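**Student:** Sharing a structure here in structure tokens format.
Every number in this text was worked out from the coordinates using simple rules, so none of it is lab data. Just so it is clear, the model here is predicted, and its values are computed rather than measured. Cβ sites come from the backbone with ideal geometry, for glycine too, and all protein chains shown count toward neighbours.
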Amino acid sequence: MGTAWINANDFSESSQVAAETGDLLIANCLAAASVGDTEAYFDLGVAFSTGSHGVPCDLVEAHKWFNLAAVGEHEDAAQCRADVAEEMTAREIAEAQRRARQWLRATPHAALRKAA
């Protein structure tokens with residue numbers, strides 16, 4: 001049996017592609033969120049709560065996005081928001097709520113709309 005050689009560049013190239021794909025997914029979600037897409041809010045909550053798609057795990061941001069999705073009546077958002085809140089301090093929850101209000105004020109054209 002021959003020897004298999006592993007090229008370190010293979011891993012860095014695939015990591016780069018994964019990072020670019022993650023960046024694109026987040027960018028698409030942010031664009032959809034800017035027009036009030038509750039599914040995009042939920043997807044951003046998932047990304048920030050798990051640290052996936054190239055974003056760091058940030059429970060304050062996750063709570064913010066789940067909160068916005070819950071206001072838009074996303075089916076799973078309220079439970080996800082509650083799950084995230086269990087790991088947060090009262091101060092962090094207050095900050096997440098402030099950020100959600102700030103998002104709504106900054107994007108008034110983003111009337112909450114349910115994903116079709």
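**Student:** What is the gain in length, in nm to one decimal, between GLU92 and SER34 on full extension, counting 0.36 nm per residue of separation less the C-alpha to C-alpha distance? Show your work: numbers first, answer last.
**Tutor:** Working: separation 58, 0.36 × 58 = 20.88 nm, distance 2.33 nm.
18.5 nm is the gain from fully extending GLU92 to SER34.
**Student:** I want the local charge near ARG105. Using Cβ-Cβ distances under 11 Å, sum +1 for each Lys or Arg and -1 for each Asp or Glu among the other residues.
**Tutor:** Working: positive: ARG98, ARG99, ARG101; negative: none.
With Lys, Arg at +1 and Asp, Glu at -1, the net is +3.
**Student:** Looking only at segment 43-63, which residues have a backbone nitrogen under 19 Å from a spot 7 Å from the Cα of ALA78 in the C-beta direction?
**Tutor:** 43, 45-46, 63
**Student:** Can I ask one more? Can you tally the net charge around ASP76? Count Lys and Arg as +1, Asp and Glu as -1, for every other residue whose Cβ sits under 12 Å from the Cβ of ASP76. Before the final figure, lay out the partial values.
**Tutor:** Values: positive: ARG81; negative: GLU39, ASP43, GLU73, GLU75, ASP83.
Result for the local shell: -4.
**Student:** For segment 10-106, what class follows from the C-alpha gyration tensor (a ≥ b ≥ c being the square roots of its eigenvalues): rounded when a/c is under 1.5, otherwise prolate if a/b is larger than b/c, else oblate? Walk me through the intermediate numbers first.
**Tutor:** Details: a/c = 2.15, a/b = 1.57, b/c = 1.37.
Prolate shape, in that a/c is at least 1.5 and a/b is the bigger ratio.
**Student:** Near SER52, within a Cβ-to-Cβ distance under 13 Å, what is the net charge of the other residues, with Lys and Arg +1 and Asp and Glu -1? Please report the intermediate quantities before stating the final value.
**Tutor:** On the way: positive: none; negative: ASP23, ASP43, ASP58, GLU61.
Combined, the nearby Lys, Arg, Asp and Glu give -4.
**Student:** How high is the relative contact order of segment 10-106? Use alpha-carbon pairs under 8 Å, at least six apart in sequence, and give a whole percent.
**Tutor:** Details: 110 pairs, mean separation 20.9, N = 97.
Reported relative contact order: 22 percent.
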